[in-house]
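Enquirer: Before we start, here is the structure in question, set down as structure tokens.
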Amino acid sequence: MALFLYLHFPALQLDHLQLSAQSSKLPVALVDQQHQLLQINAAAINAGLKLKMGLASAAALCPDLQLLPYQPEQQAKVLHSVAQQLYQVSSDIALDKPAGLILRLDGMLQLYGGLEPYWQALSAKLTALTYRYQYSCGATPYAAKCLAYQQAGLITADNRLFNNALNSSPLSATELIPAMQLQMTRLGIHTLGQLQALPPAELARRFDSQLLSYLGRLRGDYYHALEYLQPEPGFSRYLELLYDISDSTVLVKPLATLLQQLEQQLSQANCQCYQLLLSLFFRDNPPLKLSIGSAQGEYKAQAWLALCQLQLENLPLPEPVYGLQLDVNHFAGQQHSTAALFNQHQARMSALQLISLLQARLGRAAVTGLTILNQHLPEHASLRSLPLLKGDLVDNQTKAQVQAQVLALRPAFLFNKPQPLTEAVTINQGPERLCPDGWQLAAQRDYFIGRNQQGQWLWLYRTANQQWFVHGLFS
């Protein structure tokens, strides 16, 4: 037997907006094109406001009411995002715009061991999303939707309970257009039970064919095709802010909400990611796109938030931000690090995590590695390269030991251009002769290690003309 669950989100756009709010104590409402209240928050309900109330009455009851426009396209994006997150619990999910989801359950009950365990897993996910919702099961999608709009809350597969609830349902909970509902009311028909008791031939003679089609789909006489959702390969979430934010550091709180959703999806898939794309949206300027990377790869929201926070700290904004979008194009399997069994001393972060923090604070171009080249001249003996990448740790550790031997008598810091020696030094080691350009005597350099009066160890050289220069400093 087919079994469906309908989830109705009566204030989806407003609840999503309030995820980014610093405080939800202010009364807020969304207004439709007819200037009526379409969605209201808890503070507005406590102030006595009701749905479909006009603006004049709402302002009289609640002078500090904050009004925002209802945006169907924005709510559709939020609905799709909710469906993607629930896909981790339930596989067959169909969108029912503007504010509903249809879930087919009969294929999931065997996996969860029954309806009750399945509902516990799903309701836990819904609670974590913090959106208000109404729900009910039904033998058909239309039946489940009709009962959900009445907040029936039926989690059962008992057809007898479904039929009793449907027969007592008012026509206002159905999909019938208002004009047809009014026509039924004039005939003394107020519930679905009264309507279904009438002979189909009489209904076909008196009313439009859409009525019979709806009743047939409600009872399951006609097939109701559903387009089930397909999971996205990556992660993409948009969050519109309740208020425009001009301080980049304040963006951390709404960003944490998106990163928490990312962590849930990565955790469910046992994956991690190496790159985030954060887009900041402005009203009069093009979006600002920030690329945040992790050399080690992360899945925890807290770790990504620390990297994002470093980039947002000193970020100049051309104008206040009204929306955020977080995109991850590629997931990778988690790589679990191993350590010695009896190693009692563990660093707080790995080398790759440190590289990620430095890149986030200083920029990618400011953090580089060093590669040894087979050149005898010091200015040509090394080359800046990318920092250690994941998968090259073993090779680079071996190279580091070789580099330590090669650079035993080389300074850690070389000047871009040698500087003339202008102070007294004490020579401790040398000379070491190096000659560029085919070992021409006029270009030869005799290198020494010396120490100045401040205690600094210098790498010096003397030219053939007995001129002295400082080429580097030892750490």
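Enquirer: Would you point out the residue of segment 299-351, among those that are modelled with pLDDT of 90 or more and acidic (Asp, Glu), that is surrounded by the fewest Cβ atoms within 10 Å (Cβ to Cβ)?
Expert: Here the answer is GLU319.
Enquirer: If you don't mind, another one. What strands (runs of 3 or more DSSP E), lying completely within segment 1-66, carry at least 3 residues that are under 27 Å from the mean Cα position of the chain (by Cα)?
Expert: 4-8, 28-31
Enquirer: Within 17 Å of GLN334 (Cα to Cα), surrounded by fewer than 17 Cβ atoms within 10 Å (Cβ to Cβ) and in the same structural domain as LEU312 (by TED's automatic domain parsing): is that true of ALA269 in this structure? Show your work before the answer.
Expert: Working: within 17 Å of GLN334 (Cα to Cα): yes; surrounded by fewer than 17 Cβ atoms within 10 Å (Cβ to Cβ): yes; in the same structural domain as LEU312 (by TED's automatic domain parsing): yes.
Answer is yes for this residue.
Enquirer: Scanning for something out of contact with any Cys (no Cβ under 9 Å at 6 or more places or on another chain) and over 28 Å from LEU105 (Cβ atoms), does segment 217-238 turn up at least one residue?
Expert: First pass over segment 217-238, keeping only residues out of contact with any Cys (no Cβ under 9 Å at 6 or more places or on another chain): 217, 219-233, 236-238.
Still in the list and also over 28 Å from LEU105 (Cβ atoms): 238.
Scanning segment 217-238, I find at least one residue that is out of contact with any Cys (no Cβ under 9 Å at 6 or more places or on another chain) and over 28 Å from LEU105 (Cβ atoms), so the answer is yes.
Enquirer: What do you reckon, is LEU37 modelled with pLDDT under 90, out of contact with any Lys or Arg (no Cβ under 6 Å at 6 or more places or on another chain) and not assigned by TED's automatic domain parsing to the domain that holds LEU324?
Expert: On the way: modelled with pLDDT under 90: no; out of contact with any Lys or Arg (no Cβ under 6 Å at 6 or more places or on another chain): yes; not assigned by TED's automatic domain parsing to the domain that holds LEU324: yes.
In short, no.
Enquirer: Taking the residues in segment 192-210 that are closer than 13 Å to SER168 by Cβ and out of contact with any strand residue (DSSP E or B) (no Cβ under 9 Å at 6 or more places or on another chain) as candidates, determine which candidate is surrounded by the most Cβ atoms within 10 Å (Cβ to Cβ).
Expert: By that ranking, first place goes to LEU195.
Enquirer: Can you name every one of the strands (runs of 3 or more DSSP E) wholly within segment 363-460 that holds 2 or more residues which are within 51 Å of the chain's Cα centre (by Cα) and at pLDDT below 75? Reasoning before the result, please.
Expert: Numbers: elements: 369-372, 382-385, 413-420, 425-434, 445-452.
Because the criterion is at least 2 residues that are within 51 Å of the chain's Cα centre (by Cα) and at pLDDT below 75, the strands (runs of 3 or more DSSP E) in segment 363-460 that meet it are 369-372, 382-385.
Enquirer: Give the residues of segment 166-178 that are part of a helix (DSSP H, G or I), under 39 Å from the mean Cα position of the chain (by Cα) and of a type in the set (A, V, I, L, M, F, W, C), sorted by residue number. Can you show your working first?
Expert: Our first condition is that a residue be part of a helix (DSSP H, G or I); within segment 166-178, this holds for 166-167, 171-173, 178.
After this cut, where a residue has to be under 39 Å from the mean Cα position of the chain (by Cα) as well, the list is 172-173.
Within segment 166-178, ALA173 is the sole residue that qualifies.
The values are calculated or read from the model by the stated rules, or taken from the named source; none is laboratory data. Note that the structure is predicted; figures quoted are calculated from it, not measured. All Cβ positions, glycine included, derive from the backbone under ideal geometry; neighbour counts span all protein chains shown.
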